[in-house]
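Encoded as structure tokens, the structure appears first; notes follow it.
The values are calculated or read from the model by the stated rules, or taken from the named source; none is laboratory data. Computed from a predicted model, the values in this text were never measured in an experiment. Here the Cβ positions follow ideal geometry from the backbone for every residue, glycine too, while neighbour counts run over all protein chains shown.
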Ligand code: PNS
């Protein structure tokens, strides 16, 4: 049984996140989406809202579950006998930070990180940009699931 964790803040869930989780679910027997908090980012949705969002966005993926976590992602992985952390890479600009995290996580517990290149049509989509565009009234409906679009409109009204 190969088990992977897809960690992130998912604030909010985008089609880019779902794309990576979907592709990880084909590579691993079981995938746990770990909804955490990025201490260096301001958040729009609280942890429960982000967990619910990812559960709904991944509802059609039978080998995917969604859990919240606090503390280190390596602790979360060690407690669940996880084989690998899966992260999406959008562009070279993601690489330095992701490599640093992968090396730190590996040095803490030996957990491996597997990078999946984001689908080109999702390469420019980030939660931060979605929030910025939606905040100024721009149309983000092609970047997030419909229910997330509704939640964004409600929250940013
Ligand atoms: O979607 P994000 O904001 O890039 O997610 C980042 C997240 C939450 C996965 C990362 O900040 C994280 O793993 N936080 C948990 C605390 C931790 O383990 N920090 C050390 C990382 S090397």
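Filter the stretch 47-63 down to residues that are over 13 Å from residue 23 (Cα atoms) and touching a residue at least 24 places away in the same chain (Cβ under 8 Å) and give me whichever is surrounded by the most Cβ atoms within 10 Å (Cβ to Cβ). Among those residues, the one meeting the criterion is 54.
Just so you know, in the stretch 99-111 the residues that are within 8 Å of the ligand (Cβ to nearest atom) and in contact (Cβ under 8 Å) with a residue 24 or more places away in the chain include one that is surrounded by the fewest Cβ atoms within 10 Å (Cβ to Cβ), and it is 108.
For the stretch 1-34, a residue qualifies if it is more than 16 Å from the ligand (Cβ to nearest atom) and either at pLDDT below 95 or part of a helix (DSSP H, G or I) (or both), and the qualifying residues are 1, 22, 23, 25, 26, 27. Scanning the stretch 19-33 for residues that are in contact with a helix residue (DSSP H, G or I) (Cβ under 6 Å, 6 or more places away or on another chain) and surrounded by fewer than 22 Cβ atoms within 10 Å (Cβ to Cβ) returns a single hit, 19. For the stretch 69-83, does any single residue satisfy the condition of being more than 20 Å from residue 27 (Cβ to Cβ), crowded, with 16+ Cβ neighbours inside 10 Å and modelled with pLDDT of 95 or more? Within the stretch 69-83, one or more residues are more than 20 Å from residue 27 (Cβ to Cβ), crowded, with 16+ Cβ neighbours inside 10 Å and modelled with pLDDT of 95 or more.
In the stretch 91-98 there is no residue matching the filter, namely being at pLDDT 95 or above and buried (at least 19 other Cβ atoms within 10 Å of the Cβ).
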